[in-house]
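Presented below is the structure to which this report refers.
Each reported figure results from applying straightforward, stated rules to the coordinates on display, with no laboratory input. Note that the coordinates shown come from a computational prediction; the quantities given were computed from them, not determined experimentally. Note: ideal-geometry Cβ built from the backbone for every residue, glycine included; neighbour counts use all protein chains shown.
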Amino acid sequence: MINRISTASQYQSLTSNVMRKQGEVSESNNKLSTGKRVETAGDDPVSSVTIQNYRQQLTQIDQYKSSITMANNRLGVMESSIAGVEDNLDATKQKVLRMINGAMASNDRTAFKDELISLRDGLLELANSRDESGSYVFAGDQMDTKPFIKDANGKMVYQGDSQSRYAQIDKSVEVKTSLPGDQLFTFVPNPYGDFRPDFSDLSDGSKLHVLSATTSDFTKAKPIDIQFTEGTETLPDGTEKTVMQYSLSIDGKEMVADENYDPKQGIQYTAADGSELSITLDDVEVGDQLTLNPAQSINIFDSLQDAIDNAEKPTSSAAAEATLQRVIDDIDSSFVHVSQRRSEVGTIMQQVERQQDQHLDFELTLNTAQSGLEDLDYSKAIMEMNQQMMALQASQSAFSKTKQLSLFNYL
């Protein structure tokens, strides 16, 4: 009875040993086929926790990289569109300069008007640019709303909002991925300061040009009317000298009457409320009348419309020529303003590129660390598998011999 139990126990032990060796060989073979040393927590509990942490960080990096791709696409469209606006403004300026400086026949001015309309429409198309997903890049946060349309009077109206869209490209880093169209196209700094000139009442042949018109307190600014007349001044020797004088009215009320005008000093006036006006002009002539309306910003589309409206007026019209000169000043201010916005976009693109490089570097570090814990050392694994195969063969041989044993072997 004892011998039978001993033989059965030995048989069971050999069977278990063979199965264990087969399992080890199978596991090694599976690792060689997958190239992974750790596939489950049971393979290496400590390394498995670290590997899971690496995977979570890599997943987060993938999300940031996707956000960066989206940001780069939108910023690229914005940068390209703003560059197009710069080209458009430059082309418009050249057309207007030729209208001011050259003697043109009426049919030539009509052709120039048509070209200005085309440039205005091209600017509108740029203002309504879309990114690769079809979203408007200059509509603020209203990405599905067409930012600029013509109203019933042909005036360009902004329909977006004044918000900006952002993309998160790192845990604590967000970048702007849109520019509100009102800030880019309708809030251009007034080239004259705080007032915008109206030249509807200039004298014939006038070359009046406003250089600046500012106030110390814009909240108190009101429309200003200035009229230049001819007066006389009595000299110390009793003779009279012809001089240019001006009268100044604020909001329809005359504040200065027949004051001698000094071109070098311009017009300096301190109102009763304490606000100070400073107005400098060039090429003023007797008979000129000028209105200055409070405005700290201009609308690019309005300026282009002014050029279109005055394109066919004769060069003898002083008001038309002064208005076209104002358009030139507006375009110069707009170009500087737009270039600053383009530079802003370029700075953001550089920031995004730097962040992308950091993610790629960190991703490489994580992948290397994860590989060190998770991936298989093939040379070591092959040696271990060879040893396991030899052990399996030995176990199988011992098992085979044990199965063949009987009492007849001892007779």
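Note the full-extension length gain between Asn73 and Asp302 as 0.36 nm times their separation in residues minus their Cα-Cα distance, in nm to one decimal. Write out the running numbers ahead of the final one.
Working: separation 229, 0.36 × 229 = 82.44 nm, distance 3.04 nm.
Extra length available between Asn73 and Asp302 comes to 79.4 nm.
Would you kindly state how much longer the chain becomes between Asp121 and Glu276 on full extension, computed as 0.36 nm times their sequence separation minus their alpha carbon distance, in nm to one decimal?
Working: separation 155, 0.36 × 155 = 55.80 nm, distance 4.04 nm.
51.8 nm is the gain from fully extending Asp121 to Glu276.
Direction-averaged shadow area of the convex hull around the Cα atoms of the stretch 224-380, nm²?
Details: hull surface 81.6 nm².
In nm², the orientation-averaged hull projection of the stretch 224-380 is 20.4.
Would you mind ranking Tyr158, Tyr166 by Cβ crowding within 10 Å, fewest neighbours first?
On the way: Tyr158 24, Tyr166 15.
The most exposed by this proxy come first: Tyr166, Tyr158.
Can you list, largest first and rounded to whole Å, the semi-axes you get for the stretch 195-295 by taking the square root of 5 times each eigenvalue of its Cα gyration tensor?
Values: eigenvalues 114, 56, 26 Å².
Value: 24, 17, 11 Å, ordered largest first.
Set Lys and Arg Cβ to +1 and Asp and Glu Cβ to -1, take the dipole of the stretch 195-295 about its Cα centre, and tell me which of Leu211, Ile250, Ala295 lies farthest positive.
Checking the options against the dipole of the stretch 195-295, the answer is Ala295.
Apply 1/(1 + (r/R0)^6) to the Cβ-Cβ distance of Asp309 and Thr242, taking R0 = 56 Å, and write down the FRET efficiency to the nearest 0.05. All intermediate terms of the calculation are to be shown ahead of the outcome.
Numbers: r = 37 Å, r/R0 = 0.66.
So the FRET efficiency works out to roughly 0.95.
Give the value in nm², to one decimal: projected area of the alpha carbon convex hull of the stretch 136-263, averaged over all directions.
Working: hull surface 56.8 nm².
Mean shadow area of the hull around the Cα atoms is 14.2 nm².
Can you list the GluC sites (Glu not before Pro) in the stretch 105-204 that are in a DSSP coil and have 12 or fewer other beta carbons within 10 angstrom? Write out the running numbers ahead of the final one.
Working: sites: Glu115, Glu125, Glu132, Glu174; in loops: Glu132.
Taking the stretch 105-204 and a limit of 12 other Cβ atoms within 10 Å, the loop GluC sites (Glu not before Pro) found are Glu132.
Explain nothing, just the number: relative contact order of the stretch 195-295, from Cα pairs under 8 Å at least 6 residues apart, as a whole percent.
For the stretch 195-295, the relative contact order is 45 percent.
Tell me the net charge near Lys93. Cut-off is 15 Å between Cβ atoms, Lys93 excluded, with +1 for each Lys or Arg and -1 for each Asp or Glu.
Details: positive: Lys95, Arg98, Arg120, Arg326; negative: Glu86, Asp87, Asp90, Glu115, Asp306, Asp329, Asp330, Asp332.
Here the count lands on -4.
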